[in-house]
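The values are calculated or read from the model by the stated rules, or taken from the named source; none is laboratory data. These figures come from a predicted structure and were not determined experimentally. All Cβ positions, glycine included, derive from the backbone under ideal geometry; neighbour counts span all protein chains shown. The accessibility values were calculated without ligands, DNA or RNA, using every heavy atom of the protein model including side chains. Shrake-Rupley method; radii C 1.70, N 1.55, O 1.52, S 1.80 Å.
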Amino acid sequence: MDFSGQTFLLIGASTGIGLATARRLAANGATLITASRTLTKELEALGATHIPFDATKPDTTALLAALPDVLHGFVYLPGSIKLRPFERLTLADFSAEFELNVLGAVATLQAAFPRLKRADSASVVLISTVAAGTGLTFHTSIAAAKGALEGLTRALAAEGAQHGIRVNCVAPSLTNTPLAATLLNTPEKVEAGGKRHPLGRIGQPDDVAAMIEFLLSKESSFITGQVIGVDGGMGKVK
């Protein structure tokens, strides 16, 4: 894939799936703008323009000032894993999940949207979870938030189509990232996690990044409004 001459904004690309995505795009000639709380050495090495940004308090003033007139793609990558029984979750827990996963995406998308409209065609990719479409124990707060994000994906795809903007969502299952470290901190947990997937293993960041890269590329120019599982079959196969 060739992304020469194209500029992409990645919200939350310091580690995990975001970093894997940034590496793929940079390797194929993309100009990257990243926004997150932390600038890691790995991300800095890619030569991206970095903007300090906290998705839980999405003040987009600095972000707007740093954005170019035209953006060709946008990826919102922040996420959370708060697995607790429903009765132990507070309204504040649900609110925090919604603010990070939905309102953070809305705020940054609204900042980016005029610039995406100026591209001949542009692509937006949001990140959901297999738990939004498949009932999983202890996932009520994240499933509720990501379910809202999937609704946003479809509605914004309808609105963006008239401007040549495609909007899609990727829904991973358990993936080997720092976010999931406590769920995968022993070989036994990794093995057990793999057995829950029909393909017999957990996901790797590059598995998801490859789909994001495809959805940002011209090869996916006839795909919009979709929620695509990158989940080892967990969401559809038994």
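Quick notes
- Average projected area [Cα convex hull, the range 89-170], square nanometres: 5.3 nm²
- For the range 151-159, backbone phi angles converted through the Karplus equation (6.51, -1.76, 1.60; θ = phi - 60°) give residue-by-residue couplings of x, 4, 4, 5, 5, 6, 4, 5, 6 Hz, Gly and Pro being listed as x.
- Alpha carbon Rg of the range 1-92, scaled by the compact-globule rule 2.2 N^0.38 Å: 1.23
- Exceeding the 31 Å Cα-Cα cut-off - candidates K57/K218; K41/K189; K82/K238; K57/K117; K117/K236; K146/K189: K57/K218; K117/K236
- Accessible surface of the chain, 1.4 Å probe, proportion on carbon and sulfur as whole %: 55 percent
- Added length on full extension, which subtracts the Cα-Cα distance from 0.36 nm per residue, A158 to D69: 29.7 nm
- Counted over all Cα-Cα pairs of the chain, pairs farther apart than 21 Å make up 55 percent.
- For the chain, the longest principal axis of the alpha carbon atoms and the long axis of helix 16-27 meet at an angle near 30°.
- Cβ-Cβ FRET estimate between T134 and N28, R0 fixed at 35 Å, reported to 0.05: 0.60
- Highest mean packing comes first when the peptides 111-122, 164-175 are listed by Cβ atoms within 10 Å, giving 164-175, 111-122.
- Relative contact order for the chain: 20 percent, from Cα pairs under 8 Å spaced at least 6 residues apart, divided by residue count.
- Rounded to 10°, Cα long-axis angle of helix 104-117 versus longest principal axis of the chain: 30 degrees
- Each helix, a run of at least 4 DSSP H residues, gives -39500 (n - 2.57); summed and divided by the residues of the chain, these come to -11000 deg cm²/dmol at 222 nm.
- In the range 136-232, inverting the average of 1/r over every pair of distinct C-alpha atoms gives 14.9 Å as the Kirkwood radius.
- The stretch between K41 and L103, if pulled fully straight at 0.36 nm per residue, gains 19.5 nm over its current Cα-Cα span.
- Percentage relative contact order, the range 108-238, counting C-alpha pairs under 8 Å, at least six apart: 31 percent
- Net +/- balance of residues flanking T21 in space, Cβ distance below 13 Å, scoring K and R +1, D and E -1: -2
- Sequence-distant residues sharing a close amide H with N176 (under 5 Å, placed H): G203, Q204
- Rounded accessible area per residue of the chain, 1.4 Å, Å²: 48 Å²
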